[in-house]
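Participant: Questions regarding the structure given below will be posed in turn.
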Amino acid sequence: MNNKQLLAASILSAFAATGAQAQDLNISITNLTQGIHFTPLIVAAHNGDASMFSVATTASTELQAMAEGGDISGLDTMLMAASADIQANPGAGLLAPAANVETMLTTTDGNMYLSITAMMLPTNDGFVGLDSWAIPSEAGTYTIWLNAYDAGTEANDEMIVGGAGGAPGTPGIPAAPGGNGGTNGTGVSDSQFNTNIHIHRGALGDDDMAAGNSDLDNRVHRWLNPVAKVTVTVQ
Amino acid sequence: MLHFKRLAPIALAGFLTACGGSSSTNGDPNANPMPVPTPDPVPTPAMEYQYQVTVTNLTNSQPLSPLALVLHETGQVWQIGQSASTMLENLAESGDNSGVMGADFVVSSASNDGILLPGMSAEVMIMTTDMMASNFSLATMLVNTNDAFTGLNAIDLSMMEVGGMMMFKPGVYDAGTEGNTEMPGTIPGPADGGEGLNVARDDVDFVAMHPGVVTADDGLSSSVLTGEHKFDNPALSVKIMRMQ
């Protein structure tokens with residue numbers, strides 16, 4: 001093979017491996033945890049230049065707003081500017097523990113990668129994430145297991161402080177939607193060691209709901225990876 | 001190319017023979033070929049689907065209750081977000097696998113009939129002659145927990161060929177039927193020797209993935225468990241080989 005043939009072959013195989021063409025996707029997302037809610041999800045197919053997050057890099061302000069307060073409007077705007085195909089808040093609100101949401105996404109040419117994020121509550125800046133999964137061109141059903149990430153933008157003090165805690169840069173957890181959070185925690189940590197996006201070390205919690213370091217319940221608000229199961233059906 | 005040239009004349013010869021054969025009958029309208037009696041069908045032995053399942057306990061200190069391996073066409077042993085069946089509740093709280101193995105949708109079942117200790121493997125054969133019973137499920141309790149179990153739910157083996165192999169690394173699920181108090185007297189395994197099944201459902205009452213045990217060493221002062229009993233995903237390694 002000469003170079004031209006090689007180039008052609010590699011382009012062909014690249015196109016064969018992932019969906020360069022418009023595709024219809026059925027996407028099912030299940031919260032696998034027993035005690036953690038997901039804030040409104042944002043699901044997007046985008047090109048290779050765009051992304052919602054990348055591990056071991058600093059979170060964008062848009063990702064920070066999602067991870068600390070569940071606000072996906074910034075990510076939505078950013079993805080629209082990148083001509084992504086977007087489903088914002090497909091579950092119309094919180095995705096409760098072990099609950100499932102299904103959504104459709106029709107991708108346009110060139111939007112070959114799928115990304116998903118949502119904040120995990122109650123955490124300081126924990127989120128469930130899928131970063132740039134190459135959408136297969138071959139019809140079929142594909143399963144992806146998602147991990148919990150830490151945006152690296154806020155100390156994991158594990159103190160539930162109400163709505164203000166959702167503002168970027170404001171310490172604390174905005175809410176425990178299960179109604180099972182504690183009070184009077186003195187704070188687990190006041191600094192963030194790894195300020196890049198990384199795999200979340202998990203919540204610590206404690207066994208005193210009215211005192212202790214943490215306002216989280218160590219029997220309820222912990223998790224192990226994976227925290228979500230995504231099933232993508234390529235039609 | 002050489003192979004194709006060599007094969008081509010043989011294939012052509014076969015084609016010609018077939019034409020010749022048919023023309024001798026079709027050419028003579030009066031031909032009345034002797035009816036060939038249809039032989040009685042020889043009863044062929046029912047096809048048996050046989051799988052060798054190798055299960056390894058990957059945990060540090062969580063013995064696994066006797067395995068429940070089942071083949072089925074319909075049904076699920078569990079579903080995330082759904083209430084656990086009483087059969088699964090019994091397995092996850094006490095380690096009793098009889099309910100799951102005897103579930104009405106189960107076509108064939110098998111077990112290792114013993115405790116699978118951490119770091120150990122068990123090899124279990126499971127078989128059926130029912131072609132439609134091609135879903136495989138496996139469940140076993142982590143006995144030093146309130147209601148944790150691990151396994152596989154309704155894995156489709158229908159595309160598996162003889163000699164084929166599938167590997168899985170399942171995580172740990174929580175039956176959601178008993179609160180994870182880790183209190184003395186609530187855990188049947190050797191860490192406690194407490195109660196097994198308690199039909200009261202005092203937890204979320206849906207199946208989810210397990211948050212992990214906290215233990216007394218990690219901040220749950222009332223826990224009977226120690227750091228030794230902590231686990232992470234995966235808890236199990238499962239290799240399925242189709243033998244027949």
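Participant: In straight Cα distance, which aspartates and glutamates are under 19 Å from residue B:239, not counting same-chain residues fewer than 8 positions off?
Facilitator: B:113, B:123, B:156, B:161
Participant: Taking 8 Å as the Cα distance limit and 6 or more residues as the minimum spacing, I'd like the relative contact order of region B:49-242 as a percentage.
Facilitator: Computed value for region B:49-242: 30 percent relative contact order.
Participant: Other chains' Cβ within 10 Å of B:192-204 residues: what's the mean?
Facilitator: Average neighbour count from other chains, rounded to a whole number: 1.
Participant: Which percent of the accessible area of region B:49-242 is formed by carbon and sulfur heavy atoms (probe 1.4 angstrom)? Numbers along the way, then the final one.
Facilitator: Working: 3740 of 7290 Å².
It is 51 percent, rounded to a whole number.
Participant: Please report the accessible area of residue A:78 (heavy atoms, 1.4 Å probe, ligands and nucleic acids excluded) in Å², nearest 10.
Facilitator: Number for this one is 60 Å².
Participant: In the full protein assembly as shown, how much of residue B:206 is accessible to a 1.4 Å probe, in Å² to the nearest 10?
Facilitator: 40 Å²
Participant: Given all pairs of different Cα atoms, what value in angstroms does the Kirkwood hydrodynamic radius of chain A take? Show your work: numbers first, answer last.
Facilitator: Working: mean 1/r = 0.0545 Å⁻¹.
About 18.3 Å for chain A.
Participant: Counting only the heavy atoms of the protein chains, how much of residue B:54 is accessible to a 1.4 Å probe, in Å² to the nearest 10?
Facilitator: 30 Å²
Participant: Using the per-residue mean of other Cβ atoms lying within 10 Å as a proxy for protection, in what order, highest first, do the peptides A:178-186, B:138-146 fall?
Facilitator: B:138-146, A:178-186
Participant: With every protein chain present, what is the per residue accessible area of region B:49-242 (1.4 Å probe, Å²)? Each step should come with its number before you reach the end.
Facilitator: Details: 7290 Å² over 194 residues.
So region B:49-242 comes to 38 Å² accessible per residue, rounded to a whole number.
Participant: Using a loss threshold of 20 Å², tell me which positions in region B:210-228 are less accessible in the complex than in their chain alone. Probe radius 1.4 Å, ligands and nucleic acids ignored.
Facilitator: Listed in order, they are B:211, B:214, B:218, B:219, B:220.
Participant: Report in % the part of the accessible area of chain A that belongs to carbon and sulfur, leaving out ligands and nucleic acids; probe 1.4 Å.
Facilitator: Working: 5220 of 9640 Å².
Heavy-atom surface of chain A belonging to carbon and sulfur, 1.4 Å probe: 54 percent.
Participant: Further, regarding this structure: With every protein chain left in place, what is the accessible area per residue of chain A in square angstrom, probe 1.4 Å?
Facilitator: Here the residues of chain A average 41 Å² of exposed surface.
Participant: Moving on. Other chains near A:219-226: what is the mean number of their Cβ atoms within 10 Å of each residue's Cβ?
Facilitator: If you average over the peptide's residues, the count of other-chain Cβ atoms is 6.
Participant: Using a 1.4 Å probe on protein heavy atoms only, how many Å² of accessible area do A and B hide from each other, summed over both chains and rounded to 100?
Facilitator: When A and B are taken together, about 1600 Å² of accessible area is lost.
Participant: Which of the residues in region A:30-59 lose at least 40 Å² of accessible area when you go from the chain alone to all protein chains together (probe 1.4 Å)?
Facilitator: When all protein chains are present, A:32, A:34 each give up 40 Å² or more of accessible surface.
Participant: A follow-up question, please. Going by a 1.4 Å probe on protein heavy atoms, which residues of region B:79-96 end up with at least 30 Å² less accessible surface in the whole assembly than in their chain alone?
Facilitator: For region B:79-96, once contacts with the other chains are taken into account, B:80 lose 30 Å² or more.
The values are calculated or read from the model by the stated rules, or taken from the named source; none is laboratory data. All figures in this text were calculated on a predicted structure; none of them were measured in a lab. Cβ sites come from the backbone with ideal geometry, for glycine too, and all protein chains shown count toward neighbours. Accessible surface is based on the protein model in full, side chains and every heavy atom, while ligands, DNA and RNA are left aside. Shrake-Rupley method; radii C 1.70, N 1.55, O 1.52, S 1.80 Å.
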